[in-house]
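Let me begin by presenting the structure, written as C-alpha cells, before commenting on it.
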C-alpha cells in the first residue's frame, strides 16, 4: 500500500536529463565527424567497406539509445502525472462500475440497481473461475439502488478463501419478464497506486482501475 505520495512535479535537472544532454552532444559530434570523413575521403583510396559498416552500426546504436532514453523519460513523466492525478481521490468516497471485489476477512458490500421494481431477485457470487460459491434471493427489490452485504461465506456457511469474487443479479417481474440490472460498488479510497502502466485506487482490499470510477464524493466527517 502507498504510504506517501509527493505532489511536486519531478525536477528537470535530473541525472537522466544530464545523461540525455551528454548523449545528444556525443550524437551531434559523431555525426559531424562521420560526415566530414566521407566528404574528405581520398577518391583513389575510399573508406574500407567494413570500417564504413562498423561506423554505421555505431551511429545507429547512438541514435537508438537516444530514442530509448527519450521514450523512458516520457513514460516516467506520464506515470508521475497519472499518479498525481489520482492522489486527490484518497479519503473520498467513490462509485465504481465494477462487479468484482477482493475478499479477505472483511465483508464485501455491492450495490445493484434495478430498472423497475422486481417480484424476484436472484443473487449469485462466483469465484475467479466462474464457479458459483453462494446464491440466494435478494431482499432489495425496489427500482433503483439496492444493497447486498456478503459475509464471505459460501452456501454451506464456510468462509471462502481470500480472492476476487463477482456478483451476478437476475431480476424478474411477477409475469416473469427480465428486468435490467447493473452491479457496482461504492467505498472510501484508502490509497492510490500506479501498477502495470495504469492508475488504480485501493478500496478495502480491492484495486480499482481509475477508468472504472463513475462518481466521487467528499467523505462525511463523523
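All of the numbers you see were taken from the coordinates with simple rules; none came from a lab. Everything numeric here is computed off the predicted structure, so don't read it as measured data. So basically every Cβ, Gly included, is an ideal-geometry build from the backbone, and we count neighbours across all protein chains shown.
Translational diffusion coefficient of segment 93-217 at 4 °C, 1.567 mPa s, Stokes-Einstein with Kirkwood Rh over Cα pairs, in µm²/s as a whole number.
On the way: Rh = 15.2 Å.
Result for D is 85 µm²/s.
Could you work out how far apart the two model spin labels at residue 117 and residue 92 are, taking each label as a point 7 Å from the Cα in the direction of the beta carbon, and quote it in nm?
Going by the 7 Å Cα→Cβ label model, 3.6 nm.
So, R0 is 25 Å and r is the distance between the beta-carbons of residue 129 and residue 198; what FRET efficiency does that work out to, to 0.05? Write down the numbers at each step before the final one.
On the way: r = 24 Å, r/R0 = 0.98.
Taking R0 as 25 Å, the efficiency between residue 129 and residue 198 is 0.55.
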